[in-house]
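The values are calculated or read from the model by the stated rules, or taken from the named source; none is laboratory data. All of these numbers come straight from a predicted model, not from anything done at the bench. Please note: Cβ atoms are built from the backbone with ideal geometry, for glycine as well, and neighbour counts cover all protein chains shown.
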Protein chains: 2
Amino acid sequence: MPKIWSESIKTHRQAVRDAALDTAASLVGERGLTGVTMSHIAERAGIGRATLYKYFSDVEAILVAWHQRQIARHLSLLTAAKDRATDPLDRLTVVLETYALISQEHHGTELAALLHRGEHVEHAREHLKGFVETLIADGARSGDLREDVPPAELATFCLHALTAADGMRSKAAARRLVQVTLAGLLRHS
Amino acid sequence: MPKIWSESIKTHRQAVRDAALDTAASLVGERGLTGVTMSHIAERAGIGRATLYKYFSDVEAILVAWHQRQIARHLSLLTAAKDRATDPLDRLTVVLETYALISQEHHGTELAALLHRGEHVEHAREHLKGFVETLIADGARSGDLREDVPPAELATFCLHALTAADGMRSKAAARRLVQVTLAGLLRHS
């Protein structure tokens, strides 16, 4: 097959996949987890039902794929946030703010409760923990952050503390949460 | 019925109930959630199966009752902790340490994940949040804690941050977590 064709097929497949994921997520948002079938998704996305089954075995498989895409996007946002600053403390601050705002926007739903029990989340959680741990270790080396508690424990503390954002109504409250969390990490000599 | 008899019946009923709860919890610990039936519980607790059904409709009802009893015990532990100190900051510290140790001992299991979705948990969570919020407001008034963030937000922060204890292996790590969390609450002037 000429390369231009295989590229075109790849793009087409990606487009079908993305349409299925977007449609499934918005239908679940409207109708709840139990109110959505493969037929609903196929119809709304404008894909044949048989085609949809070539891509995904059931609704849960679509939602897991959607969630994996969300996680990948969130990790990119966090990596991009890190690159917006050079000072270790600024880097950590901007990453934690981004994480708090993501938690605030995307959690607390029935869908999140289901998906967060999935095994695919464990890997992302470990990755995220390692990412924050490295930033914290940098901050301890630069003298900004406390050194009496291991960076791994501080990273776990941060990520748990910031999940509180999902019950907060305003962005200002989420930012205050980040400031309180950071205050726990600072070196107070 | 003479009072001594009705008291005796009440005590007996409580004993049957407690035996059912203890047995169900330990069987689920051994065999997992799906491996336990009403017959298993009746047999191990030494109660007739028909009697057990007079008290509880199914295994889930027993586990919810068990969890309600656990929550009540934990809230008593927290209240008792508060009464061990008089200074506002000491009170908050001892309560948060108690909460961290409870989180560390009792969570992270399949059973906890099931039970924590129950509606009966919501009320306890609100109660606990109010309890911690009051201690934080006292600490702000006494000048120990920050006043730039509302006590309700600080209470939410604390309770989320301390759930990190459930992945920590040592009591020392749980205590460090409490110190880091408290550092987030302190007034730094």
Condition check for A:Ala152: free of Cβ contacts under 8 Å to residues at least 24 places away in the same chain and crowded, with 17+ Cβ neighbours inside 10 Å: no
Boolean, B:Leu52 is closer than 24 Å to A:Ala164 by Cα, out of contact with any His (no Cβ under 8 Å at 6 or more places or on another chain), hydrophobic (A, V, I, L, M, F, W, C) and part of a helix (DSSP H, G or I): no
So A:Glu153, is it at the interface with chain B (Cβ under 8 Å from one of its Cβ atoms) and either touching a Phe, Trp or Tyr at 6+ places or on another chain (Cβ under 6 Å) or of a type in the set (D, E, K, R) (or both): yes
Residue match in the stretch B:135-146 (condition: in contact with a Leu (Cβ under 7 Å, 6 or more places away or on another chain), facing chain A (nearest Cβ under 10 Å) and crowded, with 19+ Cβ neighbours inside 10 Å): yes
Some residue of the stretch A:42-56 being surrounded by 15 or more Cβ atoms within 10 Å (Cβ to Cβ) and closer than 15 Å to A:Leu111 by Cα: no
Set A:Val64, A:Val28, A:Val36: member being of a type in the set (Val, Ile, Thr) and within 30 Å of A:Val94 (Cα to Cα): A:Val64
Options A:Leu145, A:Leu89, A:Leu115, A:Leu96; residue that is touching a Phe, Trp or Tyr at 6+ places or on another chain (Cβ under 9 Å) and either of a type outside the set (S, T, N, Q) or modelled with pLDDT under 95 (or both): A:Leu115
Search result, residues across the stretch A:161-181 that are at the interface with another protein chain (Cβ under 8 Å from one of its Cβ atoms), surrounded by fewer than 23 Cβ atoms within 10 Å (Cβ to Cβ), in contact with a Ser or Thr (Cβ under 8 Å, 6 or more places away or on another chain) and assigned to a helix (DSSP H, G or I): A:Thr163, A:Gly167
The stretch B:107-131: number of residues that are closer than 27 Å to B:Ala173 by Cα, assigned to a helix (DSSP H, G or I) and without any contact (Cβ under 8 Å) to a residue 40 or more places away in the chain: 6
Test: residue in the stretch B:123-130 that is at positive phi, under 14 Å from the mean Cα position of the chain (by Cα) and either outside the structural domain of B:Leu77 (by TED's automatic domain parsing) or surrounded by fewer than 20 Cβ atoms within 10 Å (Cβ to Cβ) (or both): no
All positions within the stretch B:156-167 that are modelled with pLDDT under 95 and either over 18 Å from the mean Cα position of the chain (by Cα) or of a type in the set (Val, Ile, Thr) (or both): B:Thr163
Which numbered condition B:Glu97 fails, given (1) more than 13 Å from chain A (Cβ to nearest Cβ); (2) surrounded by fewer than 16 Cβ atoms within 10 Å (Cβ to Cβ); (3) of a type in the set (Asp, Glu): (2)
